[in-house]
1. Let me check against my output: what whole-number percent is the relative contact order of the stretch 2-149, with C-alpha pairs under 8 Å and at least 6 apart?
2. I need 57, 90 ordered by Cβ neighbour count within 10 Å, fewest first.
3. Out of 94, 48, 85, any idea which swings most in a Gaussian network model of the chain, alpha carbons joined below 10 Å?
4. Give me the Kirkwood hydrodynamic radius of the stretch 2-149 in Å, from all C-alpha pairs, to one decimal place?
5. For the chain, modelled as a Gaussian network with Cα springs under 10 Å, which listed residue fluctuates most, 51, 60, 91?
6. Mind grabbing the base-10 log of I(q)/I(0) for the stretch 44-92 at q = 0.23 Å⁻¹? Debye formula, identical points on the C-alpha positions, no solvent, two decimal places.
7. Counting helices only, and only those DSSP H runs with n ≥ 4, report the 222 nm mean residue ellipticity of the chain as the sum of -39,500 (n - 2.57) divided by its residues, in deg cm²/dmol to the nearest 500.
8. By counting other Cβ atoms within 10 Å of each Cβ, how are 31, 63 ranked from fewest to most?
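What follows draws every value from the coordinates through simple rules; no lab data is involved. Treat the numbers as computed from the prediction; the structure is a model and nothing was measured. Using ideal geometry, Cβ is built from the backbone for each residue, glycine included, and neighbour counts are taken over all protein chains shown.
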């Protein structure tokens, strides 16, 4: 993992789900830049890796989205940023690298009908749905501009 971080600036750790829990993935390598690691749940590995790579690049080159911000990456789903309540409970390898005080933001995405996991009628795309690892910001905000140009 350290070789990937040295070469690209970060790596993506994929965690395979089981019959109850969906797959999830997270970045590893943003913490030394004083940035939170990024997490996504419920997407297959290749799709999660692509989305995390796009956002990690953005975070390192520009700014960190805030909880409640809606983020749209061209070719990706609309996401809302949620602060992960207990990063150390979900990002084992990041804890090994950087200690239990790591910070993380989750990219929560809409389903095919435009519903969020906290909306009635949300349909998770994969077994286990899309667990939200924190509390949604009370007042969602829209970032200045659009991240669709990523």
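1. Working: 285 pairs, mean separation 37.0, N = 148.
Averaging sequence separation for qualifying contacts and normalising by length gives 25 percent for the stretch 2-149.
2. On the way: 57 14, 90 20.
Fewest to most other Cβ atoms nearby, the residues stand as 57, 90.
3. 85
4. Values: mean 1/r = 0.0651 Å⁻¹.
It works out to 15.4 Å.
5. Ranking 51, 60, 91 by mean-square fluctuation puts 60 first.
6. -1.06
7. Values: 4 runs with 35 residues, N = 150.
Helix-only estimate at 222 nm: -6500 deg cm²/dmol.
8. Working: 31 21, 63 12.
If I rank by nearby Cβ atoms, fewest first, I get 63, 31.
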